[in-house]
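Colleague: Before I ask anything, let me first share the structure, which is written out below as structure tokens.
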Amino acid sequence: MFKFSSKVLCSILLFSSILFSGNPLKYAKPKLSDYGVFLGNLADHTPGKGVIPYDVSAQLFTDYALKSRFIVLPKGKQLSYNSDGSFDFPRETILIKTFYYPADFRNPNKNIRLMETRLLIHTPEGWLGYPYVWNDAQTEALLEIAGERMNATFIDIKGDRTTFEYLVPNFNQCKGCHVNQNRMIPIGPKARLLNHEFNYKDGKMNQLKKWTSLDMIKGLPDISTLPHTSNYSDVSDGSTANRARAWLDINCAHCHRLGAPGETSGLFLNIEETNGTKLGVYKPPIAAGLGAGNFKHTIVPGKPDESIMIYRMESTNPGIMMPELGRKLVHKEGVELVKAWIRGLSDNHPPPE
Amino acid sequence: MKNITSKLTLCLLFANFIFASDIEKDLQTQFILAEPGDTITIPEGVHQIRGTLSIEGKKNLLIRGLGMDKSILSFSGQTDGAQGISITNCKNIILENFAVQDSKGDAIKAQYVERIEFRSIKAEWTNGPKPTNGAYGIYPVQCQNVLIEFSVAIGASDAGIYVGQSSDIIVRHSTAYHNVAGIEIENSFDALVHTNNAYENTGGILIFDLPDLVQKKGGNIHVYHNIVRNNNLDNFAPPGNIVGKVLPGTGIMVLAANDVHIYENTIQNNKSIGTGIVSYFITEEAITDSLYNPYTSDIHIYNNIYSREAGLPTLDYEIGKLMAIKYGRNIPDIIYDGMQDPDVKEGLCIQNNFRAEFTNMDIEHNFEKWYSPFISNFSEDPSPHDCGRQHTAN
């Protein structure tokens, strides 16, 4: 009993003080198991009733971590579809995302190590994000509001070992990416990112169709009329431009859009943007500092190696790299994709197509 | 809050094994749990911090150290995040009496903050001016009600004190040296920049309006009672940054801004340009922002004291070379590119400056002859800019 982890104790103490103080942490529970969303062995992530797994077609790159995602709606409540492709979520919705690594990516289902589980909870004060860090025994994940640094290692698909320090974001950093117009919002669950098949236990089905069949959505138009954002990793899912724009949208546009922190740069990378300069073509940097490297423009059509965008994607120096947070490694495949897109641009054929 | 602090302390005591003396986690936790009215103290000492400390969505906070040379947050081993301290979506935040050193990116960035005060804050890169230093020292952007006073900025590879896309700004009693730009006000409204000391930067004080930004322009900028001296440092900005275009030896530079008042400053021994008034065309960058005005207009320069020892301007930049060929060792103090906004009557007013020589480079008509300054047609006559409006001396 006295071996009770000091971390747990700390979390409980914090939690109880927070209940009295009206702090935003009052909506969080100290341990992942406290939510009761998974059945049996916690690490197995066997979803309980009403806990629906999903994925998104274009994924945020997080140091090659694999992710599993779940949505939990409060009983009898629905998402409502907005004409811009986003959803309104009922209060008490929980979005769950677990980050994990297999020891060897050539054998991705074996020797899994869970790193962290992030919860986005739709509280009466809006969405709030809470990071839970898995213990070494993989039996529990504890709330770590100040984030955590963890040693991580894996063998990649080519058989090479990568070792690095994995960063769990803190409570504020969750908001840093999820904030828009001073409101915190989910990024992944949008119709265009869900509009593809998912491998459910009872077979494959389009996720929007599934959610409709489970009576989880109201106001959804005919699915065949809804857009689909490319899976940038799948060469058969859209043109190079489609895939590169999908990569930029999911990795950059949570900041680089009007109303979000990256707007000070005047660089807007959301998938809807159509203005070449705003996308970076011949755009001089504003406050890039070191990030500009030796280059004059964010994108020089035809010349990825003279484009600041690529320079920052290829860097791991915290003063240079983009995104600013959430990666210690370079997403080589993403860099190659965006390079290919820039190489295909010319002064006569600027983006968008 | 005392309640929560004591519980937090207790908690940290319990958790001593895990957190040890981890001040980074302690401060970050306090920033997350802070409630309106709280004071968070940065203890004395040099504290190594590895990731951006973030303050988000808070109201009425005082974050204070025991002195800018006593409470020091050192980011020399920074591995995470692009700033030393990041303050976002806040209201009424006061930072005072501490230093941020050697952050990989900006030292202290505040964005979307309504009322922020930096008092006796030092933002410093300790290994001298280097292109690998972070861009901005004290950096409020998209803020309202900004006060920066008794503060110091040293070694920024862009601007030491930089206020961008903000309004209602006071920068006073502060010091900036060994930066590319000492103090810069960019696309901002209603700024008083006074009683500062900007020396040994590449450029002392810059007032810029740049294209492609959310806040399209600035105005009502008053720059007065400053000492702007010996800003002759080589430009060490990483290439590609607009501030890289600032000539070493620049005292005060107005770029594409309007409604700017520069008066009662001492502008001394800046070897290339005492005060420059230039349009965005000088950058030779293309302009695609249809809402952007690249001209300067409504600029008033009066009652300043100029002095400059005879000597060559910088020869690293085209304009420097041009000025050297044209004027040798006696470079005029006030330099205007002559690009008058065709839609605005009030251009440039120059009055009652002490020992100020003037030249209008008239780049529109001389541009073709850029490399033959002997036949270029500069005008040293300031009388077209006397405006008839008398600015009285204090």
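The values are calculated or read from the model by the stated rules, or taken from the named source; none is laboratory data. None of the values given here were measured: they were computed from a predicted structure. When we count neighbours, we look across all protein chains shown, and the Cβ atoms used for this are built from the backbone with ideal geometry, even at glycine.
Conditions (1) among the hydrophobic types (A, V, I, L, M, F, W, C); (2) within 14 Å of chain B (Cβ to nearest Cβ), marked per residue:
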| site | (1), (2) |
| --- | --- |
| A:F164 | yes, yes |
| A:F171 | yes, yes |
| A:G176 | no, yes |
| A:M216 | yes, no |
| A:I223 | yes, no |
| A:W247 | yes, no |
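Colleague: Please determine whether any residue of segment B:104-119 is modelled with pLDDT of 95 or more, surrounded by 22 or more Cβ atoms within 10 Å (Cβ to Cβ), under 23 Å from the mean Cα position of the chain (by Cα) and among the acidic types (D, E).
Modeller: yes
Colleague: Could I ask something else about it? Criterion first (assigned to a loop (DSSP other than H, G, I, E, B) and more than 20 Å from the chain's Cα centre (by Cα)) does B:Y292 satisfy it? Explain how you work it out, then say what you get.
Modeller: On the way: assigned to a loop (DSSP other than H, G, I, E, B): yes; more than 20 Å from the chain's Cα centre (by Cα): yes.
Yes, satisfied.
Colleague: Give all pairs with beta carbons closer than 8 Å in which a residue from segment A:122-134 that is outside the structural domain of A:I94 (by TED's automatic domain parsing) meets a residue that is surrounded by 19 or more Cβ atoms within 10 Å (Cβ to Cβ) and in a strand (DSSP E or B); count only pairs at least 6 apart in sequence or on separate chains.
Modeller: No pair meets every condition.
Colleague: Identify, please: which residue in segment B:167-179 is surrounded by 21 or more Cβ atoms within 10 Å (Cβ to Cβ) and over 19 Å from B:L213 (Cα atoms) and is, among those, nearest to the other protein chains (Cβ to nearest Cβ)?
Modeller: Applying the filter and picking the extreme gives B:N179.
Colleague: Is one or more of the residues making up segment A:288-297 touching a strand residue (DSSP E or B) at 6+ places or on another chain (Cβ under 8 Å) and more than 7 Å from every other protein chain (Cβ to nearest Cβ)?
Modeller: Yes, that holds for at least one residue.
Colleague: So, one more: Just checking, does segment B:217-228 include any residue being assigned to a strand (DSSP E or B), more than 14 Å from chain A (Cβ to nearest Cβ), in contact with a strand residue (DSSP E or B) (Cβ under 8 Å, 6 or more places away or on another chain) and small (G, A, S)? Spell out how you get there, then give the answer.
Modeller: Start the filter on segment B:217-228 by keeping residues that are assigned to a strand (DSSP E or B), which leaves B:219-224, B:227-228.
Narrowing further to those that are more than 14 Å from chain A (Cβ to nearest Cβ): B:219-224, B:227-228.
Keeping just the survivors that are in contact with a strand residue (DSSP E or B) (Cβ under 8 Å, 6 or more places away or on another chain) gives B:219-224, B:227-228.
Filter again for small (G, A, S), leaving B:219.
Within segment B:217-228 (the criterion being assigned to a strand (DSSP E or B), more than 14 Å from chain A (Cβ to nearest Cβ), in contact with a strand residue (DSSP E or B) (Cβ under 8 Å, 6 or more places away or on another chain) and small (G, A, S)), the answer is yes, since at least one residue qualifies.
Colleague: To continue, here is another question. Within segment B:196-212, work out how many residues are under 13 Å from B:N226 (Cα atoms) and among the hydrophobic types (A, V, I, L, M, F, W, C).
Modeller: We begin by selecting, within segment B:196-212, every residue under 13 Å from B:N226 (Cα atoms); these are B:196-199, B:204-206.
Restricting the remaining residues to those that are among the hydrophobic types (A, V, I, L, M, F, W, C) gives B:198, B:205-206.
The qualifying residues number 3.
Colleague: Right, something else. Which members of segment A:176-212 meet the condition of being free of Cβ contacts under 8 Å to residues at least 12 places away in the same chain and touching a strand residue (DSSP E or B) at 6+ places or on another chain (Cβ under 8 Å)?
Modeller: Here is the first cut: in segment A:176-212, the ones free of Cβ contacts under 8 Å to residues at least 12 places away in the same chain are A:182, A:197, A:199, A:201-205, A:212.
Scanning segment A:176-212 gives A:N182, A:E197, A:K204, A:M205.
Colleague: For segment B:156-166, does any single residue satisfy the condition of being more than 14 Å from every other protein chain (Cβ to nearest Cβ) and out of contact with any Cys (no Cβ under 6 Å at 6 or more places or on another chain)?
Modeller: The answer is no, given that none of the residues of segment B:156-166 is more than 14 Å from every other protein chain (Cβ to nearest Cβ) and out of contact with any Cys (no Cβ under 6 Å at 6 or more places or on another chain).
Colleague: Right, something else. Can you go through B:L147, B:L66 and tell me which one is away from every other protein chain (no Cβ under 14 Å), part of a loop (DSSP other than H, G, I, E, B) and free of Cβ contacts under 8 Å to residues at least 40 places away in the same chain?
Modeller: Answer to the check: B:L66.
Colleague: Are there strands (runs of 3 or more DSSP E) fully within segment B:234-289 with at least 2 residues that are over 16 Å from B:Y177 (Cβ atoms)? List them.
Modeller: Strands (runs of 3 or more DSSP E) meeting the threshold: B:250-255, B:258-263, B:273-278.
Colleague: Follow-up question, since we're still on this one. If the requirement is being at positive phi and exposed (fewer than 14 other Cβ atoms within 10 Å of the Cβ), which of these qualifies: A:D202, A:D215, A:D234, A:D222?
Modeller: A:D215
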